[in-house]
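The values are calculated or read from the model by the stated rules, or taken from the named source; none is laboratory data. Computed from a predicted structure; not experimentally measured. Glycine also receives a Cβ, built like all others from the backbone with ideal geometry; neighbour counts cover every protein chain displayed.
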Amino acid sequence: MMERLHLGTMNKRLLAVPFAVAAALAVCVAPAATAATAASAATDPGAARAGFSAQARSLGLDTSQAKNLQSRVDGYLAKTPGASQVAVNKITLNGGGELLLTLPGEERARDLAAAGSSPALSAGCPYTYVCAYSGEDFTGDELRLFTCNYPVNISWAGTGSWINNQRSTLYARFYDRNHNVGWTSPGGYSEDRHAPWGWVYWLSPC
């Protein structure tokens, strides 16, 4: 099993995630829009979509980019029962966890709502979370999990990456299609920059 997984070397250093100056400036506008769209999403889906469009414009996305991003969100929603879109690039999961999508032109996902109130939560994998990424080296769409024993479906293929940024006594568990544990990570902090998603169907943070 270990040969099949081809797990990368585990490192114990924290991550530093750089962002472009333009992205940092865009965040100044996004948090207020995010809060408004999250509130409207719960009561009026039509108004929520309009709010997500306004948020996309505030981030400098053109019409084509905004439509492409929304199409990606819709794709995830269709495969994730009980999930809800709460921001232009953010989905909350039924039972615990959230999914952040990369914005057009960016390699790493970020939480627009947290940028103003909690910069530590806006980018990178926060402490007490297990984070999974669709791309290698912590790039691409980001799944953040924080609810123990609640496996979340992994719909990615190919090679991605993950981080276990919990206490040293907590382990991420990777399940196959039959809900059997195929591999258990080391305790936090641990990571794999080149992890195969092909066999993984479910992931639990502990």
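Looking for something under 16 Å from Trp197 (Cα atoms), touching a residue at least 12 places away in the same chain (Cβ under 8 Å) and in contact with a Lys or Arg (Cβ under 9 Å, 6 or more places away or on another chain) - is there at least one such residue anywhere in region 100-121? Within region 100-121, none of the residues are under 16 Å from Trp197 (Cα atoms), touching a residue at least 12 places away in the same chain (Cβ under 8 Å) and in contact with a Lys or Arg (Cβ under 9 Å, 6 or more places away or on another chain). Thr147 falls short on exactly one of the conditions (1) over 20 Å from Thr92 (Cα atoms); (2) surrounded by fewer than 17 Cβ atoms within 10 Å (Cβ to Cβ); (3) touching a residue at least 12 places away in the same chain (Cβ under 8 Å), and that condition is (1).
Scanning region 194-203 for residues that are assigned to a strand (DSSP E or B) and either β-branched (Val, Ile, Thr) or buried (at least 21 other Cβ atoms within 10 Å of the Cβ) (or both) yields a total of 2. Filter region 156-171 down to residues that are small (Gly, Ala, Ser) and assigned to a strand (DSSP E or B) and give me whichever is surrounded by the most Cβ atoms within 10 Å (Cβ to Cβ). So, considering only residues that are small (Gly, Ala, Ser) and assigned to a strand (DSSP E or B), the one surrounded by the most Cβ atoms within 10 Å (Cβ to Cβ) is Gly160. Take the conditions (1) among the small types (Gly, Ala, Ser); (2) within 27 Å of Ser84 (Cβ to Cβ); (3) without any contact (Cβ under 8 Å) to a residue 60 or more places away in the chain; Ser168 misses just one of them, which is (2). Number of residues in region 153-176 that are closer than 20 Å to Tyr76 by Cα, of a type in the set (Val, Ile, Thr) and within 12 Å of the chain's Cα centre (by Cα) equals 1. Of all residues assigned to region 173-189, none qualifies as being assigned to a strand (DSSP E or B), closer than 18 Å to Gly124 by Cβ and either among the charged types (D, E, K, R) or touching a Ser or Thr at 6+ places or on another chain (Cβ under 8 Å) (or both). Here Asp176 meets the list (1) modelled with pLDDT of 95 or more; (2) surrounded by 18 or more Cβ atoms within 10 Å (Cβ to Cβ) almost entirely, failing just condition (2).
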